[in-house]
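**Q** Quick one: this structure, given as structure tokens, is what I'll be asking you about.
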Amino acid sequence: MVTVTKKDLIALGYGPSFSADIIKECKKLMISKGHTYYQSKKLDRVPKEAVEEVLGITLDV
């Protein structure tokens, strides 16, 4: 599984606070799909597919 962090999103050109918001939304999405592992506040890594679903674009990470 390819994962994405806040730093990866910043490197793609998103701002620091927007990158954090994207990660939060992806974690909410994963929790709603039944992956309770993403409830951890310390976890800052989400699947690339979740980011693509939230943003509606394909990432080349």
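**Q** How large, in percent, is the carbon and sulfur part of the accessible surface of the chain at a probe radius of 1.4 Å?
**A** Numbers: 2210 of 4150 Å².
That share works out to 53 percent.
**Q** Per residue, how many Å² of accessible area does the chain show with a 1.4 Å probe? Don't skip to the end; give the middle numbers.
**A** Numbers: 4150 Å² over 61 residues.
Result: 68 Å² per residue.
**Q** For the chain, I need the span (max minus min coordinate) of the C-alpha atoms along each principal axis, in Å, sorted largest to smallest.
**A** Over the chain, Cα extents along the principal axes are 30, 21, 17 Å.
**Q** Let me ask you something else. Restricting to DSSP H runs of at least four residues, report the calculated mean residue ellipticity at 222 nm for the chain, -39500 (n - 2.57) per run over all residues, nearest 500 deg cm²/dmol. Write out the running numbers ahead of the final one.
**A** Details: 3 runs with 31 residues, N = 61.
Helix contribution divided over all residues of the chain: -15000 deg cm²/dmol.
**Q** Check each of the trypsin sites (Lys or Arg not before Pro) in the chain and keep only those in coil by DSSP with at most 16 other C-beta atoms within 10 angstrom; list them in order.
**A** Here the sparse-neighbourhood loop sites are Lys33, Lys41, Lys42.
The values are calculated or read from the model by the stated rules, or taken from the named source; none is laboratory data. Note that this is a predicted model, so its numbers are computed, not measured. In this analysis, Cβ positions are derived from the backbone assuming ideal geometry, glycine residues included, and neighbour counts consider all displayed protein chains. Protein only, heavy atoms only, side chains kept; ligands, DNA and RNA dropped before computing areas. Shrake-Rupley method; radii C 1.70, N 1.55, O 1.52, S 1.80 Å.
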